[in-house]
1. Students sometimes get this wrong: rank Ser359, Ser101 by accessible area, probe 1.4 Å, all chains present, largest first.
2. Subtract the Cα-Cα distance of Asp189 and Cys363 from 0.36 nm times their separation in residues, and report this length gain in nm to one decimal.
3. What's the FRET efficiency of Glu148 with Phe383 using the Cβ-Cβ distance as r and R₀ = 41 Å, to the nearest 0.05?
4. What distance in nm separates the two pseudo spin-label positions at Arg287 and Val391, each 7 Å out from Cα along the beta-carbon direction?
5. Which order do you get for Tyr360, Tyr79 if you rank them by accessible area with a 1.4 Å probe, largest at the top?
6. If the reach is capped at under 17 angstrom between alpha carbons, list the lysines near Lys389, excluding any in the same chain fewer than eight residues apart.
7. Would you mind checking Lys50/Lys75; Lys73/Lys185; Lys51/Lys73 for any pair whose Cα atoms are more than 32 angstrom apart?
8. Quick check: with the 1.4 Å probe, what order do Glu304, Glu332, Glu170, Glu281 take by accessible area, largest first?
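The values are calculated or read from the model by the stated rules, or taken from the named source; none is laboratory data. These numbers were taken from a predicted model, which means no experiment stands behind them. Neighbour counts run over all protein chains shown; Cβ positions are idealised from the backbone, glycine included. Please note that ligands, DNA and RNA were not included when accessible areas were found on the heavy atoms of the full protein model with its side chains. Shrake-Rupley method; radii C 1.70, N 1.55, O 1.52, S 1.80 Å.
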Amino acid sequence: MNHFRSHCDYILISCKIFIVYNFPVVTEDCSNSLLFMLQGKGLFAKRSMKKGETIFIERPLVSAQFLWNTLYKYKACEYCLRALETAEGNARRLSGIPGLSLPHPELCRVRPEQHQACPQCQVMYCSSECRQAAADQYHRALCLGPSEDDPDHPINKLKDAWKSMHYPPETSSIMLMAKMVAMVKQAKDKAHLQKLFTHFCSRTANEEEEIAHKLLGEQFRVSYLLVISAFIEVQNVKSVTVLQWFVPEGFRSLFALVGTNGQGIGTSSLSQWVHACDALELPAQQREHLDSFIDQLYKDIEKETGDFLNCEGSGLFLLQSSCNHSCIPNAEASFPDNNFLLHLSALCDINQGEEICISYLDCCQRDRSRHSRHKILRENYLFVCSCPKCVSQMDELDVTSEEEEEEEGVAEGETEGDEMEDEMTDV
């Protein structure tokens, strides 16, 4: 029985693809010139691939945990988002059973003895390597020092302003933007780093405002100014390279960049432990007992916590963002390493030269009507899908799936008679 609950994550193996874009892409795995640059946008298979094969593994340019996720005590490495709780500790908290013991504890890969805190602000990292990487890239500009609990510190004011207008389920984080600015400030080659970030910006002014409005809600203009004010207070900006982000138009571009390109990241020590349990070769009786234990554990967690099981955040991935959308994707992202490394895997056999497409919609959304899918994509990504599935359904009625459900409800109500009508009136 497969208990593993996958999350949207992505990986990159550059030797199996070539990228169609107008600027060079450098990855950790590029040992030779096997990526080809062409004009346009898209990712195409350099050779045939089998279903389940890893296409690539990619490290994000920047990533950040969601603020409400942090507030609700989901503990993750500040740099790589690796879950810091042991699988057993995670299970105890989520199930509300403090004395719970997990079988096969040796399968948990979390190593608390390797965790390190920033000596100034006590932010936690999964290793000394992550702590050093964060300090080198952005943390020196964002470290709270002894003011971690000071509500008047600019960074805490920025976080509070964001949380007041962006409630769960979260889709982005203001700290992702703060880290981007901090990275440019700390970088030796500021122009190069900003050029990489600017790659994600390809929207018109009206489109950017629409995306920002979507992120901040109905109180868009008031919220917008509040966040800009808090953001400027955090960043003591002197570099001309990043000054453009601190005027309303530039900040709007930053919002649009994160809003349309931020890839959700989910990590869980418990899910990783369950996946390892599924891979164990056990006698039938022991397998049945272990499966039963895990099933009951998930029931206890669902009753106590609901669906929010993971450390969650978002990141910007150069290659993954170059993948176009399809309602019938041939590739899927996951984060099996329990950190920010994105694994992209083939969902079916992919032929040489075929475009590699992911879906910007989740499984439930992909099952909705064509009109409903288009509505979601227009509102969140500002484009109209023309994938084979959408083209084949062009003759469908222009009604959303919600409207279809309402129509079904009306039809059922007509057979219920006056009793249903009275019940609805009472409500």
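1. Most to least solvent-accessible, the answer reads Ser101, Ser359.
2. Between Asp189 and Cys363, full extension yields an extra 58.5 nm.
3. 0.50
4. So the label points at Arg287 and Val391 sit 4.4 nm apart.
5. Final ranking, largest accessible area leading: Tyr360, Tyr79.
6. Of all the lysines, those that pass the test against Lys389 - Cα under 17 Å, at least 8 places apart if same chain - are Lys375.
7. Lys50/Lys75; Lys51/Lys73
8. Glu281, Glu304, Glu332, Glu170
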